[in-house]
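The values are calculated or read from the model by the stated rules, or taken from the named source; none is laboratory data. Fair warning: this is a prediction, and the values are worked out from it, not measured in the lab. So basically every Cβ, Gly included, is an ideal-geometry build from the backbone, and we count neighbours across all protein chains shown.
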């Protein structure tokens, strides 16, 4: 299942930013299509199966769900959480 | 007296087996009963957790990392697509950084075996001011 929300907190005051990924992907979709074309050409030049490359990249993206990284030092916190 | 022991004694009484054989069979029954039940296979681990609690400095610090095992698997599968020339360059850079890992030998089948055994792995490092805990869940 695709990740839905990324939570990022890189502040001392405890504010969290929740980034909904699907709307972000929809907004960025024109750029993503162009990037996909460039990557497909790069794959062909490097003799890599572009379908396998896209499939495995998508798997890597979906596998990000559940990633949690939290570093606290005194009052400073860095938090990245993918759900 | 259970059914199996009764059957052995009946066979002894009927002369089908001798006393030594009966004794061996009864001893084998006892061993079976004492044997621990087979351990239930735990489900495959889903996450690799690293928890560090450091109170040695002026400011205490904590690290809490949870990496999906699926990410490890997906990363290795993606790495298999990397061209050999790029793998060689990456190996050179790793060796220069003092990390003796040959990426060309990293295969998805091996990572499956590694993941299965990761479930049994727990690393605990504790000293007076800090603790490091690495485990799978």
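See the values below:
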| quantity | calculated |
| --- | --- |
| Hits in segment A:13-50 - residues which are in contact (Cβ under 8 Å) with a residue 40 or more places away in the chain and surrounded by fewer than 10 Cβ atoms within 10 Å (Cβ to Cβ) | A:14 |
| Every residue from segment B:49-94 that is in a strand (DSSP E or B), facing chain A (nearest Cβ under 8 Å) and within 28 Å of the chain's Cα centre (by Cα) | B:62, B:63, B:64, B:65, B:66, B:67, B:68 |
| Of all residues in segment A:36-60 being more than 14 Å from every other protein chain (Cβ to nearest Cβ) and in contact with a helix residue (DSSP H, G or I) (Cβ under 9 Å, 6 or more places away or on another chain), the one that is nearest to residue B:86 (Cα to Cα) | A:41 |
| Residue match in segment B:104-119 (condition: in contact (Cβ under 8 Å) with a residue 60 or more places away in the chain and loosely packed, with under 14 Cβ neighbours inside 10 Å) | yes |
| Test for residue B:77: is it in contact with a strand residue (DSSP E or B) (Cβ under 6 Å, 6 or more places away or on another chain), surrounded by 10 or more Cβ atoms within 10 Å (Cβ to Cβ) and either modelled with pLDDT of 80 or more or closer than 22 Å to residue A:64 by Cβ (or both) | no |
| Residue B:117 being within 24 Å of the chain's Cα centre (by Cα) and at pLDDT 90 or above | no |
